Amino acid sequence: MYYYNDFDASFVAERNRQFRAQVERRIDGSLTEDEFKPLRLMNGLYLQLHAYMLRVAIPYGSLDPAKLRQLAYLAERFDKGYGHFTTRTNIQYNWPQLRDVPEMLDALAEVEMHAIQTSGNTIRNVTSDHFAGAAADEIEDPRPVAELIRQWSTDHPEFQFLPRKFKIAVIASDTDRAVMKSHDVGLRIVERDGVRGFEVWIGGGMGRTPMVAKRLRDFLPRADLLPYLEAILATYNRIGRRDNKYKARIKITVHENGLDEIRAQVEDEFPRRRAVFGGEDQALLAEITAAFAAPAFKNTDPAPYFAARDADPVFRAWSDTNVTAHRTPGYGIVTISLKAHGATPGDASGDQMRLVADLGETYGHGDIRATHAQNLVLPHVPLADIPAVHAALKTLGLATGNIGLASDIIACPGMDYCALATARSIPVAQGIATRLEELKIEHEVGHLQIKISGCINACGHHHVGHIGILGLDRAGVENYQITLGGDASETTAIGSRTGPGFAYDEIVPAVERLIFAYLDLREGEEETFLEVYNRVGMAPFKSALYDAEARAYAAE
Amino acid sequence: MTVIVSDTGFAPEDFNAPITPLAEAESATTALDLAVDTNPAELGDRLGGVTMIRVDFPSSADGRGFSIARQLRLMGYGGRLRARGHVIADQYAMARRSGFDEVEISEALAKRQPEEQWIFRANWQAHDYQARLRG
Ligand code: SF4
């Protein structure tokens, strides 16, 4: 885990001092709302439907008990007792008062957190693999590189007023748990001839024009990373479109100019950028890497874990879905679902956060993660302790065994909070999860990712959901479009639309029909929803969606 | 009248020679006005005798000028470099860190954002991640 040095700490303190002054100047009128807007956005403060919303960065999803306890405190002191974990591993508070925000930021600084660059047209919170440092298949922990990028991108003087926001993800394994190819720049740490470097992907994104990132460089030497990123950003800053917000992301710049042209411009800019990096960044990276050294794993007997699995079917079912193999024998990765059936996906109360903090401290080497799927993770738990963790989670409704299943739904805040929303998304997620629970079929159904967005901006990642749901406004009435075949893994794919959308009260039954169609179509329990879709295509699902509806009308 | 902002605060204009838009510049021109959509790479061979470059900021939300400044400096331009237009006090540190020497603002903006708000960021050399990352 990286801890702030004096520089980081005084940077954040100074930045909070500046923002406090900016808030005062907004209140006394020397800043207009138009001028204040980019400044508050640089500090994570949005104006939403009902109130301001503060979005706090959880860099690459990494937390420790002290940080999570402070997030719980903020939820209780300045919000309504909850925080909302987002698909960008941020946490959002939906009800702060403007005058309280400087105090919230000071409280965050006490635990080395901030809300800098969680919004605005700048480089956003860098994301990574939520199993980093624990996954069996990674070639190294990607978080040190993510931290280096965090420091480089923080307050970068050239890139605070880009054409549009800019998102970077870093992974270090073949398996992609971070939706890397849906980022403006995706980096995968790879090894070639015994040397580590990066595959560089560019121009991925969701939104109204979803695109899968394209490979800009097969292999970028490690020491070239920051100047190469600068060359990309400087090129984008110069030629990215500013005339139309919907065409301003780098995916459109790449699409309109062509990958080869972008590559030529980046490579042209790169040498001048590279010349001024003299190795200090690499020395810093070495320091950061040392800070991320793995904890001292204990040698414990896993027998109690297997005994509990044999004795308790509830524990067994939960551990089947929520415990993942760890690189170290005798350990497991525990994913804590924030998707209790009928709850708001990604919401956690102050009490729940404190419980997870305690469990991380007692059993998990003090390491906690937030995931893009809006869950929490204890990445390093001895198998022998997992029954105790499960028992504690049950006391506060955190023991839902549904990770990777159909009710582990990603949903953006939608109409319940978001000023841009065209439809509700939270109640749709709740409705689907509640129905799945009534039917008791999700374990039989197996791996199925449903993702819901409340508008075309696609914060709920619906384009890459096996089943994607997009809430639109059709003449004042909510209408939900379904896409199928999206894939958020290393085989990233954008889903295809099934056809006409469904009304609010029709969308849950429609999803149910898709699930039953899948069960009919699959050749065995091993064949997942996505595999079936890729084998049989859209037609049978379409007929389940629309013919059944037609039959129902006919029967009326 | 415009106001020139530097680390010491507000001052009147002290550059009294004409500044020529790039499109109208001749080989003898020593002071250039650059539009925000200029590609500095295309200026490569014309920077020789230039001693003043002024970069336009049409809107405080348009950050192209920061990259233009940085690119000019990386290309070796060592003359006076000025940002002009809708730059706000909170962007002063960015302007200085990107390579500008000073900012030229209108009197109206100077009235709304008085000198102390700019001096508040005259400490732009402190707390700079970039300075730690490169030699
Ligand atoms: S997808 Fe739309 S409704 Fe949902 S959070 Fe994003 S902007 Fe808001």
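Need at least 2 residues that are closer than 30 Å to B:GLN91 by Cα and away from every other protein chain (no Cβ under 14 Å) per element, so show me which strands (runs of 3 or more DSSP E) inside segment A:150-232 make the cut, counting only ones lying wholly within it.
Details: elements: A:168-171, A:185-192, A:195-202, A:214-221.
Answer list for segment A:150-232: A:168-171, A:185-192.
Residues that are farther than 25 Å from A:ASN244 by Cβ, among the polar types (S, T, N, Q) and in contact with a Ser or Thr (Cβ under 9 Å, 6 or more places away or on another chain): does segment B:61-71 have at least one?
no
Got a sec? Which of A:LYS37, A:LYS67 is within 30 Å of A:ALA294 (Cβ to Cβ), part of a helix (DSSP H, G or I) and not assigned by TED's automatic domain parsing to the domain that holds A:LEU338? Don't jump to the end; show me each part of the working.
Numbers: A:LYS37 fails: within 30 Å of A:ALA294 (Cβ to Cβ).
Matching residue, one of A:LYS37, A:LYS67: A:LYS67.
Considering only segment B:88-123, state which residues are at pLDDT below 95, in a loop (DSSP other than H, G, I, E, B) and closer than 20 Å to A:LEU162 by Cβ.
B:ILE88
Can you find, within segment A:408-441, the residue that is nearest to the other protein chains (Cβ to nearest Cβ) among those that are more than 16 Å from the ligand (Cβ to nearest atom) and crowded, with 21+ Cβ neighbours inside 10 Å? Full working, then the answer.
Our first condition is that a residue be more than 16 Å from the ligand (Cβ to nearest atom); within segment A:408-441, this holds for A:408, A:431-441.
Checking which are crowded, with 21+ Cβ neighbours inside 10 Å leaves us with A:408, A:432-433, A:436.
Details: A:ASP408: 37, A:ILE432: 39, A:ALA433: 40, A:LEU436: 45 Å.
Selected residue: A:ASP408.
Under the condition of being surrounded by fewer than 24 Cβ atoms within 10 Å (Cβ to Cβ) and aliphatic (A, V, I, L, M), which residue from segment A:442-455 is farthest from A:LEU530 (Cα to Cα)?
Taking the candidates together, the pick is A:VAL445.
Which of the residues belonging to segment A:444-461 are away from the ligand (no atom under 16 Å from the Cβ) and not hydrophobic (A, V, I, L, M, F, W, C)? Steps first, please.
Within segment A:444-461, the first condition is being away from the ligand (no atom under 16 Å from the Cβ), and the residues that meet it are A:444-449.
Selection gives A:GLU444, A:GLY446, A:HIS447, A:GLN449.
Tell me yes or no: at least one residue of segment B:88-100 is in contact with a helix residue (DSSP H, G or I) (Cβ under 9 Å, 6 or more places away or on another chain), aliphatic (A, V, I, L, M) and touching a residue at least 60 places away in the same chain (Cβ under 8 Å).
Scanning segment B:88-100 turns up no residue that is in contact with a helix residue (DSSP H, G or I) (Cβ under 9 Å, 6 or more places away or on another chain), aliphatic (A, V, I, L, M) and touching a residue at least 60 places away in the same chain (Cβ under 8 Å).
For segment A:273-297, how many residues meet the condition of being more than 14 Å from chain B (Cβ to nearest Cβ) and loosely packed, with under 13 Cβ neighbours inside 10 Å?
Filtering segment A:273-297 down to residues more than 14 Å from chain B (Cβ to nearest Cβ) leaves A:289-297.
So of that shortlist, the ones also loosely packed, with under 13 Cβ neighbours inside 10 Å come out as A:290, A:293, A:296.
Residues flagged as more than 14 Å from chain B (Cβ to nearest Cβ) and loosely packed, with under 13 Cβ neighbours inside 10 Å within segment A:273-297 amount to 3.
Inside segment B:30-59, can you point out the residues that are over 15 Å from the mean Cα position of the chain (by Cα) and buried (at least 18 other Cβ atoms within 10 Å of the Cβ)?
Hit for segment B:30-59 is B:LEU43, nothing else.
Among the residues of segment A:346-360, is any at pLDDT 95 or above, assigned to a loop (DSSP other than H, G, I, E, B), not assigned by TED's automatic domain parsing to the domain that holds A:HIS463 and not charged (D, E, K, R)?
First pass over segment A:346-360, keeping only residues at pLDDT 95 or above: A:346-360.
Within this subset, residues satisfying the condition of being assigned to a loop (DSSP other than H, G, I, E, B) are A:346.
Filter again for not assigned by TED's automatic domain parsing to the domain that holds A:HIS463, leaving A:346.
Subset that is not charged (D, E, K, R): A:346.
Yes; the residues of segment A:346-360 include at least one that is at pLDDT 95 or above, assigned to a loop (DSSP other than H, G, I, E, B), not assigned by TED's automatic domain parsing to the domain that holds A:HIS463 and not charged (D, E, K, R).
Residue by residue through segment A:254-269, note down the ones that are in contact with a helix residue (DSSP H, G or I) (Cβ under 6 Å, 6 or more places away or on another chain) and either surrounded by fewer than 19 Cβ atoms within 10 Å (Cβ to Cβ) or within 21 Å of A:HIS183 (Cα to Cα) (or both).
A:VAL254, A:ILE262, A:GLN265, A:VAL266
Just checking, which of A:ILE494, A:ILE467 is of a type outside the set (S, T, N, Q) and under 22 Å from A:TYR246 (Cα atoms)?
A:ILE494
The values are calculated or read from the model by the stated rules, or taken from the named source; none is laboratory data. Only a predicted model underlies this, so the values are computations on that prediction, with no experimental measurement involved. Backbone-built Cβ (ideal geometry, glycine too); neighbour counts: all protein chains shown.
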